[in-house]
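Presented below is the structure to which this report refers.
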Amino acid sequence: MPARRLPSWAWVTGLTAAALVLVAVLAVKADEGPEPTASASPKPSASAGVKPSASPGKSEQPAAVPDGSGTGRRIVYSLAQRRVWLVDASDAPRRTFKVWPGTVGPEPGNYTVGTRREAATGSDGVEIEHIVYFAVASGVNVAFSNAVDGSSPPPPASGTTTGGVRMKAADGNAVWKFGTAGTTVAVVK
């Protein structure tokens with residue numbers, strides 16, 4: 001017996017029904033929302049603008065900008081906390097992170113970003129970048145910077161004076177972009 005062909009209206013009806021089923025399945029999937037994954041980011045919170053840099057897996061609350069650090073757009077550097085904040089014109093902290101100070105540091109007070117250098121060799125022999133100079137202490141230039149290779153600074157050799165305030169590469173990049181010439185640096189205890 002020869003194969004029987006379906007009329008063309010049957011093909012159209014079948015394809016239409018299949019398309020409707022597919023659309024319905026996709027609509028249900030879309031209604032469920034995205035599949036959760038390990039890399040899903042948390043919902044933004046009131047402090048979403050502050051970007052602390054912490055090691056993955058560590059739960060670190062962003063530290064509050066220290067009292068007495070001034071107002072307006074500025075970089076705040078706490079000697080005691082070994083921490084820096086990038087604060088915008090509305091006094092909102094945009095980023096905060098830990099730093100590794102050198103052996104010489106500035107006295108508390110207000111300073112201004114002066115010279116900036118893209119790269120150099122630090123007094124400890126480490127290749128550094130994003131160098132933002134803001135003070136002189138005991139005849140030593142004090143500047144924010146990060147190691148090109150991303151390492152934290154080794155302890156300085158005995159008797160070596162260093163004025164570099166080192167940070168992770170991502171933080172150094174943020175300071176470089178934020179700390180243009182003329183930016184205030186408030187150093188607090």
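Suppose we keep only residues that are of a type outside the set (D, E, K, R) and crowded, with 18+ Cβ neighbours inside 10 Å within region 165-180. Which one would you say is nearest to Ala143 (Cα to Cα)?
Ranking the qualifying residues of region 165-180, first place goes to Val165.
Test each condition in (1) over 18 Å from Gly70 (Cα atoms); (2) under 21 Å from the mean Cα position of the chain (by Cα) for Val185 and report the one that comes out false.
(1)
Conditions: (1) of a type in the set (Val, Ile, Thr); (2) touching a Leu at 6+ places or on another chain (Cβ under 9 Å); (3) free of Cβ contacts under 8 Å to residues at least 12 places away in the same chain. Thr121 meets all but one. Number of the miss?
Answer for Thr121: the failing condition is (2).
Return yes when Thr103 is within 16 Å of Ser78 (Cα to Cα), open to solvent by 40 Å² or more (accessible area, probe 1.4 Å), outside any strand (DSSP E or B) and not acidic (Asp, Glu) and no when it is not.
On the way: within 16 Å of Ser78 (Cα to Cα): yes; open to solvent by 40 Å² or more (accessible area, probe 1.4 Å): yes; outside any strand (DSSP E or B): yes; not acidic (Asp, Glu): yes.
So Thr103 passes the test.
State yes or no: is Phe144 within 14 Å of Thr180 (Cβ to Cβ), touching a Phe, Trp or Tyr at 6+ places or on another chain (Cβ under 6 Å) and among the hydrophobic types (A, V, I, L, M, F, W, C)? Before the answer, list the steps.
On the way: within 14 Å of Thr180 (Cβ to Cβ): yes; touching a Phe, Trp or Tyr at 6+ places or on another chain (Cβ under 6 Å): no; among the hydrophobic types (A, V, I, L, M, F, W, C): yes.
Considered against the rule, which asks whether it is within 14 Å of Thr180 (Cβ to Cβ), touching a Phe, Trp or Tyr at 6+ places or on another chain (Cβ under 6 Å) and among the hydrophobic types (A, V, I, L, M, F, W, C), Phe144 comes out as no.
Kindly provide the set of residues from region 68-100 that are assigned to a loop (DSSP other than H, G, I, E, B) and either surrounded by 23 or more Cβ atoms within 10 Å (Cβ to Cβ) or of a type in the set (Val, Ile, Thr) (or both), ordered by number.
Those that are assigned to a loop (DSSP other than H, G, I, E, B) and either surrounded by 23 or more Cβ atoms within 10 Å (Cβ to Cβ) or of a type in the set (Val, Ile, Thr) (or both): Thr71, Val99.
Do you know which residues across region 106-144 are open to solvent by 50 Å² or more (accessible area, probe 1.4 Å), among the small types (Gly, Ala, Ser) and assigned to a loop (DSSP other than H, G, I, E, B)?
Ser123, Gly125, Ser138, Gly139
Among the residues of region 145-158, what is the count of those that are surrounded by fewer than 22 Cβ atoms within 10 Å (Cβ to Cβ) and under 21 Å from the mean Cα position of the chain (by Cα)? Steps first, please.
Within region 145-158, the first condition is being surrounded by fewer than 22 Cβ atoms within 10 Å (Cβ to Cβ), and the residues that meet it are 148-158.
Narrowing further to those that are under 21 Å from the mean Cα position of the chain (by Cα): 148-153.
Summing the residues that are surrounded by fewer than 22 Cβ atoms within 10 Å (Cβ to Cβ) and under 21 Å from the mean Cα position of the chain (by Cα) in region 145-158 gives 6.
I need the full set of residues from region 145-187 which are touching a Leu at 6+ places or on another chain (Cβ under 7 Å) and either without any contact (Cβ under 8 Å) to a residue 24 or more places away in the chain or not in a helix (DSSP H, G or I) (or both), in order please.
Val187
The values are calculated or read from the model by the stated rules, or taken from the named source; none is laboratory data. These numbers come from a predicted model, not from an experiment. Counting neighbours? That spans all protein chains shown, and the Cβs are built from the backbone with ideal geometry, glycine included. For accessibility, only protein heavy atoms count, side chains too; no ligands or nucleic acids. Shrake-Rupley method; radii C 1.70, N 1.55, O 1.52, S 1.80 Å.
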